[in-house]
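This report refers to the structure that appears directly beneath it.
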Amino acid sequence: MNEPRTTHFGYQTVDEAEKAARVAGVFHSVAGRYDLMNDLMSVGLHRAWKTFTVAQAAVRPGMKVLDVAGGTGDLARAFARRVGPQGEVWLTDINWSMLTVGRDRMVDDGFLQPAVQCDAEKLPFPDGYFDRVTVAFGLRNMTQKDVALAEMARVLAPGGRLYVLEFSKVWRPLAPLYDLYSFSVLPRLGRRVAGDAESYRYLAESIRMHPDQETLKSMLEAAGLVRVRYYNLSAGVVALHEGWKP
Ligand code: SAM
């Protein structure tokens with residue numbers, strides 16, 4: 001009999017089949033307080049990281065943009081402002097709690113764009129459809145990251161660009177301070193504000209288990225993207241990777 005394939009859920013090793021359900025539990029739990037917690041945890045820096053991503057993506061009127069694992073829709077709303085009436089911005093997420101918050105925010109801001117619940121590892125879009133694909137703080141949570149990246153590359157049109165914004169490997173001298181913050185302050189903040197320390201412990205652990213800058217660069221290349229490069233933001237706390245579809 002075949003052994004079940006395993007993966008990481010934070011520092012735990014779990015069956016691949018179990019990871020998606022565990023991740024779903026985290027995001028159902030935090031959806032209502034997700035934006036507030038993001039601001040508190042990153043002292044507002046996540047807004048600057050996303051602003052940088054939007055600037056690099058250089059979305060123009062008429063473009064088709066896919067935001068994978070878009071959650072509460074910060075990137076999708078920024079892109080919706082740029083594509084104009086002829087463009088399309090598809091907000092997608094596997095988790096309906098997060099997607100519902102994101103879809104409502106889009107509508108509240110006056111954008112009627114599609115919101116689709118789907119798994120990044122099986123994107124329900126045709127080959128070569130999008131000019132830009134983005135995934136912010138989502139890849140880390142996916143079970144088969146290589147499969148998800150290959151799917152994102154598949155739906156990009158030739159000349160289209162993928163942007164992966166994700167926590168990464170912090171500049172070494174800052175690591176002790178960053179560890180203290182992640183494993184002591186973060187779970188306490190999670191308990192007080194969101195009533196959920198475990199989800200924020202998972203966050204800290206999943207960041208440590210995520211591939212570093214160079215490894216992720218190789219993964220984008222393995223997915224068939226070219227001209228792959230990355231920008232370290234906030235001393236490597238976060239990195240933005242860019243890859244082009246040939
Ligand atoms: N992109 C948003 C942002 O930057 O604020 C949300 C990021 S949130 C930390 C991670 C999101 O990834 C969650 O909404 C979660 O449901 C989603 N996610 C996790 N696994 C996924 C998968 N396999 N496919 C699509 N979305 C996924």
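The values are calculated or read from the model by the stated rules, or taken from the named source; none is laboratory data. Just so it is clear, the model here is predicted, and its values are computed rather than measured. With ideal geometry, Cβ positions are generated from the backbone for all residues, glycine too; neighbour counts draw on all protein chains shown. Note: accessible area is taken over every heavy atom of the protein model, side chains too, but ligands, DNA and RNA are not part of it. Shrake-Rupley method; radii C 1.70, N 1.55, O 1.52, S 1.80 Å.
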*Calculate how steeply helix 16-30 sits against the longest principal axis of the alpha-carbon atoms of the chain, using the helix alpha-carbon long axis, and give the answer as 0 to 90 degrees to the nearest 10.*
90
*To the nearest 10 square angstrom, what accessible area does residue 121 show with a 1.4 Å probe?*
30
*Please name which of 48, 36, 143 has its Cα lying farthest along the dipole of the chain towards the positive end, using unit charges on Cβ (Lys, Arg +1; Asp, Glu -1) and the Cα centre as origin.*
48
*asked:* Residue by residue through region 31-45, what is 3J(HN,Hα) from phi via Karplus (6.51 cos²θ - 1.76 cosθ + 1.60, θ = phi - 60°)? Round to whole Hz and write x for glycine and proline.
replied: 3, x, 10, 4, 5, 4, 5, 4, 5, 5, 5, 9, 6, x, 5
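Dipole magnitude of the chain about its Cα centre, charges +1 at Lys/Arg Cβ and -1 at Asp/Glu Cβ only, in debye to the nearest 20? Can you show the working numbers first?
Details: 30 positive and 28 negative charges, 132 e Å.
Its charge dipole is roughly 640 debye.
At a Förster distance of 35 Å, what's the computed FRET efficiency of residue 112 paired with residue 52, Cβ-Cβ distance as r, to 0.05?
0.80
For the chain, give the percent of accessible area contributed by carbon and sulfur heavy atoms, probe 1.4 Å, rounded to a whole number. Intermediate values should be presented prior to the final figure.
Working: 6410 of 11600 Å².
For the chain, the apolar C and S fraction of the accessible surface comes to 55 percent.
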_Using the Cα centre of region 167-246 as origin and beta-carbon charges of +1 (Lys, Arg) and -1 (Asp, Glu), tell me which of 204, 226, 190 is placed farthest towards the positive end of the dipole._
190
*Put +1 on the Cβ of every Lys and Arg and -1 on every Asp and Glu Cβ in region 81-225; which of 181, 91, 158 then has its Cα farthest towards the positive end of the dipole?*
181
*So how tilted is helix 96-108 from the main axis of the chain? Cα-based, degrees 0 to 90, rounded to 10.*
50
_Solvent-accessible area of residue 96 with every protein chain in place, 1.4 Å probe, in Å² to the nearest 10_ = 150
*Which of these, 147, 133, 164, has the largest mean-square fluctuation under a Gaussian network model of the chain (Cα springs below 10 Å)?*
147
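Would you mind checking the pairs 50/145; 19/122; 64/122; 19/50 and listing those with alpha carbons more than 24 angstrom apart? Spell out each step's value before the answer.
Working: 50/145 21 Å; 19/122 16 Å; 64/122 19 Å; 19/50 27 Å.
In this structure, 19/50 lie more than 24 Å apart at Cα.
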*asked:* Give me the tail of P(r) for region 13-69 as a percent: Cα-Cα pairs with distance above 17 Å.
replied: 62
_Shape verdict for the chain, please, from the Cα gyration tensor: rounded (a/c under 1.5), prolate (a/b greater than b/c) or oblate._
rounded
*Can you work out ³J(HN,Hα) from phi for every residue in region 65-81, in order, using Karplus 6.51 cos²θ - 1.76 cosθ + 1.60 and θ = phi - 60°, giving whole Hz and x for Gly and Pro?*
10, 10, 9, 8, 6, x, x, 7, x, 4, 5, 4, 5, 5, 6, 4, 5
*Go through 200, 11, 181 and list them by solvent-accessible area, largest first, probe radius 1.4 Å.*
11, 181, 200
*Quote the accessible area belonging to residue 19 in square angstrom, nearest 10, computed with a 1.4 Å probe and with ligands, DNA and RNA left uncounted.*
10
*How big is the charge dipole of region 128-246 about its Cα centre, in debye rounded to the nearest 20, if each Lys and Arg gets +1 on its Cβ and each Asp and Glu gets -1 on its Cβ?*
180
*Rounded to the nearest 10 degrees, what's the angle between the helix 213-222 long axis and the longest principal axis of the chain, both from Cα atoms, 0 to 90?*
40
